[in-house]
Amino acid sequence: MRARRLRVALGVALGLALLAYPAVFTRPYPRDIMIKIFLYALLAQAWNLLGGYCGQISLGNAVFFGIGAYTSSALLMRWELSPWLGMLAGMGLAVLVSQAIGFPCFRLRGHYFAIATIAIGEIVQTIMINWDALGGARGLSLPIKPETFVNFQFHRAKWPYYYIALGLFACVFALTALVERSRPGYYFRAIREDADAASSLGIPLARYKLAAIALSAAFTALGGSFYAQYVLFIDPESVFPLSLSILICLVAVLGGVGTLWGPFLGAVILIPLSEATRVYFGGTGKAVDLMIYGALIVLVAVFQPAGLAGLLGRLGRGGRRPSAPLPAAARAGTG
Amino acid sequence: MTAEIVVQSLVSGLLMGFVYALIAAGLSLIFGLMEIVNFAHGEFLMLAMFATFWAWTLGHLDPLVALPGSTALLFLLGVVVYKGVISRILAAPMLAQVFATFGLAVFLRSAAQFLWTPDFRLVQNPWVSGRLSLFGIFVGTPQLTAALAALAAFGLLYWFITRTETGLALQATAQDRQAAALMGIDTERMFALGWGIGAACVGVSGALLVNFFYVFPDVGSVFALLAYVTVALGGFGNVPATLAAGVLVGLVEVLVGLWAPAFKYVGVFGLYLAVVVWRPQGLFGKF
């Protein structure tokens with residue numbers, strides 16, 4: 001009971017701190033870092049629904065991100081549609097595409113599924129690079145509009161973007177928490193642990209895997225539309241690359257796959273870290289920042305394969321079980 | 001488009017296919033042994049190419065002379081990577097394994113950029129250069145050399161894993177780690193050997209590619225993607241099948257490239273999806 005109260009108090013304190021952040025940090029740069037943290041936490045949480053809870057390792061989630069970014073931007077440029085509506089359209093399109101991807105690919109297991117998602121990502125990126133009506137390799141520069149909430153553009157200050165990013169992440173976080181406790185959430189985990197056993201107990205595998213990828217695609221597209229409105233420039237190289245798919249997955253893995261707090265934790269660590277290495281070691285074309293980044297990934301994978309959530313969980317138990325077995329979540333990818 | 005151009009392209013696709021097959025064979029061998037996909041395989045290839053390039057620039061050794069050295073160096077790299085990283089994560093979840101090798105890939109690529117800058121480099125006037133005409137079809141001599149040497153290396157690899165005692169021990173370990181250990185096979189040694197040989201395959205491929213391909217830190221990424229597709233197409237862990245799959249990838253690449261050059265890799269990836277949706281275990285794979 002006390003532990004529960006403590007957790008609620010910690011959650012409320014974190015929420016208040018996040019709400020007060022722009023009042024304390026008034027410079028654009030610290031706000032920008034927090035916006036990126038929310039965005040990547042959201043994307044990793046979306047990946048987590050499919051890869052973490054349901055155990056289907058996708059290395060192609062950038063496809064949904066790009067669909068979100070391109071749909072809202074194209075609708076804005078062609079028909080002056082508010083990006084908020086474009087965001088919904090992008091989510092809908094991403095869900096449709098996710099079903100078209102999932103329907104054939106969910107027959108594949110483990111590495112075959114992961115490589116199929118890489119292949120799809122590469123195909124989609126190549127198509128977008130050659131699709132001249134959507135800007136091709138040059139990308140799309142979004143028109144500058146008066147700054148209003150409906151236009152989803154704010155030029156003078158970053159705080160509106162901050163609160164929108166926080167709000168979107170909070171929504172996705174809350175929905176994930178709901179899914180985690182719902183019947184589909186338990187089915188997802190059953191499929192991850194042992195697809196054959198889950199199937200023999202009467203769980204329709206295809207339907208729940210398709211549901212997981214639909215959720216994942218919708219939320220990832222949401223992040224894509226937000227990104228387009230925040231940066232106001234998109235091209236296939238920035239919204240569809242394999243490296244983005246991997247980064248999304250990496251944030252979740254670093255934080256702890258199949259856990260509610262993992263993606264946020266991963267983003268809180270990884271984004272400032274990559275910013276710091278970029279600021280202090282980057283910019284010379286020497287790629288020292290990426291060397292550090294790569295080495296850190298190896299170290300985390302070798303020494304903390306269950307992610308940081310696993311580490312915190314271990315500390316939370318007072319270090320009584322130093323050789324505690326990995327959380328089942330970390331064994332994702334077998335089904 | 002004349003028939004001549006099509007035949008010409010098919011021949012060049014076939015030649016590249018043998019090189020793809022050798023690169024993929026190393027990946028497949030490692031996967032068959034321990035179910036780990038080496039996401040740094042492309043970076044291994046990049047290092048082999050740079051090693052050959054520097055042997056030519058600094059030591060004035062032709063890439064073909066440097067080939068044994070590059071192979072040995074990569075063998076060593078494979079063993080070191082196994083001992084230093086992979087042996088610690090054999091029992092780790094799949095995602096941790098993916099990211100261990102992926103992080104290694106980022107590290108190696110950035111280290112290459114740090115040490116040698118992102119410039120594109122080319123070996124000028126190697127021994128094999130120019131082209132020759134076979135029955136009216138022009139073939140690049142470096143490409144032909146690479147294909148023949150890759151085929152020879154592939155044959156050697158096949159002979160090694162099917163005809164020598166060590167090779168059989170390697171196969172036994174791939175089939176059942178515990179049973180192999182009970183039969184007195186040092187599985188730890190076999191794993192290290194598997195990584196060494198897997199990396200040595202790209203050591204050979206890299207030295208051959210340097211004769212007609214630019215060398216730069218990012219060069220591995222395209223070859224690695226094709227290698228993943230080749231391995232999965234043949235069936236993970238099935239080394240002989242990668243030869244057929246590699247040739248198929250080479251042929252599809254040039255055929256689609258003839259019709260729409262920008263989409264040649266779309267053709268390869270599309271082929272992969274079509275095949276695995278039809279046969280989820282790959283063309284020659286087993287569950």
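The values are calculated or read from the model by the stated rules, or taken from the named source; none is laboratory data. Just so we're clear, the structure is a prediction, and the values are computed from it rather than from any experiment. Backbone-built Cβ (ideal geometry, glycine too); neighbour counts: all protein chains shown. The protein model used for the area step is the full one, side chains on, heavy atoms only, and it has no ligands, DNA or RNA in it. Shrake-Rupley method; radii C 1.70, N 1.55, O 1.52, S 1.80 Å.
Is at least one residue of region A:135-148 under 24 Å from the mean Cα position of the chain (by Cα), more than 30 Å from residue B:228 (Cβ to Cβ) and assigned to a loop (DSSP other than H, G, I, E, B)?
Yes, that holds for at least one residue.
For residue B:46, all conditions in the list (1) modelled with pLDDT under 95; (2) touching a Pro at 6+ places or on another chain (Cβ under 7 Å) hold save one; what is the number of the exception?
Unmet for residue B:46, out of (1) modelled with pLDDT under 95; (2) touching a Pro at 6+ places or on another chain (Cβ under 7 Å): (1).
Give region B:100-112 a look and list any residue that's under 13 Å from residue B:221 (Cβ atoms), open to solvent by 20 Å² or more (accessible area, probe 1.4 Å) and within 7 Å of chain A (Cβ to nearest Cβ), or say none.
Once the filter is applied, which keeps residues that are under 13 Å from residue B:221 (Cβ atoms), open to solvent by 20 Å² or more (accessible area, probe 1.4 Å) and within 7 Å of chain A (Cβ to nearest Cβ), region B:100-112 yields only B:102.
Evaluate the following for residue A:60: is it under 20 Å from the mean Cα position of the chain (by Cα), within 14 Å of another protein chain (Cβ to nearest Cβ) and at negative phi? Let's see the steps before the verdict.
Numbers: under 20 Å from the mean Cα position of the chain (by Cα): yes; within 14 Å of another protein chain (Cβ to nearest Cβ): yes; at negative phi: yes.
Taking the combined requirement at face value, the residue satisfies it.
Quick one: what pairs do we get from region A:111-123, first residue facing another protein chain (nearest Cβ under 8 Å) and on the phi > 0 side of the Ramachandran plot, second part of a helix (DSSP H, G or I) and among the polar types (S, T, N, Q), C-beta under 9 Å, 6+ apart or different chains?
none
Given (1) open to solvent by 30 Å² or more (accessible area, probe 1.4 Å); (2) at pLDDT below 95; (3) away from chain A (no Cβ under 14 Å), identify the lone condition not met by residue B:116.
(3)
Take residue A:46 and decide whether it is of a type in the set (Gly, Ala, Ser) and either farther than 18 Å from residue A:219 by Cβ or surrounded by fewer than 24 Cβ atoms within 10 Å (Cβ to Cβ) (or both).
no
Please work out which residue is farthest from residue B:187 (Cα to Cα), limiting yourself to region B:58-89 and to residues that are open to solvent by 70 Å² or more (accessible area, probe 1.4 Å) and not in a helix (DSSP H, G or I).
Per the stated criteria, the residue is B:60.
Step by step: first the residues of region A:233-285, then only those that are open to solvent by less than 40 Å² (accessible area, probe 1.4 Å), in a helix (DSSP H, G or I) and at the interface with chain B (Cβ under 10 Å from one of its Cβ atoms), then the one that is farthest from residue A:94 (Cα to Cα). Which residue is that?
Result: A:254.
Quick check: is even one residue across region A:309-324 in a helix (DSSP H, G or I), modelled with pLDDT of 65 or more and either within 8 Å of another protein chain (Cβ to nearest Cβ) or buried (at least 20 other Cβ atoms within 10 Å of the Cβ) (or both)?
yes
Taking residue A:107, is it assigned to a loop (DSSP other than H, G, I, E, B), at pLDDT below 95 and surrounded by fewer than 24 Cβ atoms within 10 Å (Cβ to Cβ)? Outline the logic, then answer.
Values: assigned to a loop (DSSP other than H, G, I, E, B): yes; at pLDDT below 95: yes; surrounded by fewer than 24 Cβ atoms within 10 Å (Cβ to Cβ): yes.
Here the answer is yes, as residue A:107 does meet what is asked.
Can you confirm whether region B:11-24 contains a residue that is of a type in the set (Val, Ile, Thr) and open to solvent by 10 Å² or more (accessible area, probe 1.4 Å)? Lay out the reasoning, then the answer.
Quick first cut of region B:11-24, residues of a type in the set (Val, Ile, Thr) only: B:11, B:19, B:23.
Filter once more, keeping what is open to solvent by 10 Å² or more (accessible area, probe 1.4 Å): B:11.
Looking through region B:11-24, at least one residue is of a type in the set (Val, Ile, Thr) and open to solvent by 10 Å² or more (accessible area, probe 1.4 Å).
Say whether the condition of being among the small types (Gly, Ala, Ser), modelled with pLDDT of 85 or more, part of a loop (DSSP other than H, G, I, E, B) and over 14 Å from residue A:32 (Cβ atoms) is met by at least one residue in region A:165-172.
Looking through region A:165-172, none of the residues is among the small types (Gly, Ala, Ser), modelled with pLDDT of 85 or more, part of a loop (DSSP other than H, G, I, E, B) and over 14 Å from residue A:32 (Cβ atoms).
Can you tell which of A:40, A:70, A:29, A:21 is closer than 23 Å to residue B:98 by Cα and hydroxyl-bearing (Ser, Thr, Tyr)?
A:40
Looking only at region B:268-287, filter to residues that are of a type in the set (Gly, Ala, Ser) and at the interface with chain A (Cβ under 8 Å from one of its Cβ atoms); which one of those is most open to solvent (accessible area, probe 1.4 Å)?
B:270
Restricting to region B:176-185, name every residue that is in a helix (DSSP H, G or I) and either touching a Cys at 6+ places or on another chain (Cβ under 8 Å) or surrounded by 11 or more Cβ atoms within 10 Å (Cβ to Cβ) (or both).
B:177, B:179, B:180, B:181
Read through the list (1) modelled with pLDDT under 90; (2) in a helix (DSSP H, G or I); (3) open to solvent by 10 Å² or more (accessible area, probe 1.4 Å), then give the number of the only condition that residue A:123 fails.
Tallying (1) modelled with pLDDT under 90; (2) in a helix (DSSP H, G or I); (3) open to solvent by 10 Å² or more (accessible area, probe 1.4 Å), residue A:123 fails exactly one: (1).
Please enumerate the residues belonging to region B:143-153 that are over 17 Å from residue B:68 (Cα atoms) and either of a type outside the set (S, T, N, Q) or at pLDDT 95 or above (or both).
Answer for region B:143-153, where residues must be over 17 Å from residue B:68 (Cα atoms) and either of a type outside the set (S, T, N, Q) or at pLDDT 95 or above (or both): just B:144.
For region B:250-267, give me the residue count where each residue is of a type in the set (Gly, Ala, Ser) and within 12 Å of another protein chain (Cβ to nearest Cβ).
Of the residues in that region, 3 qualify.
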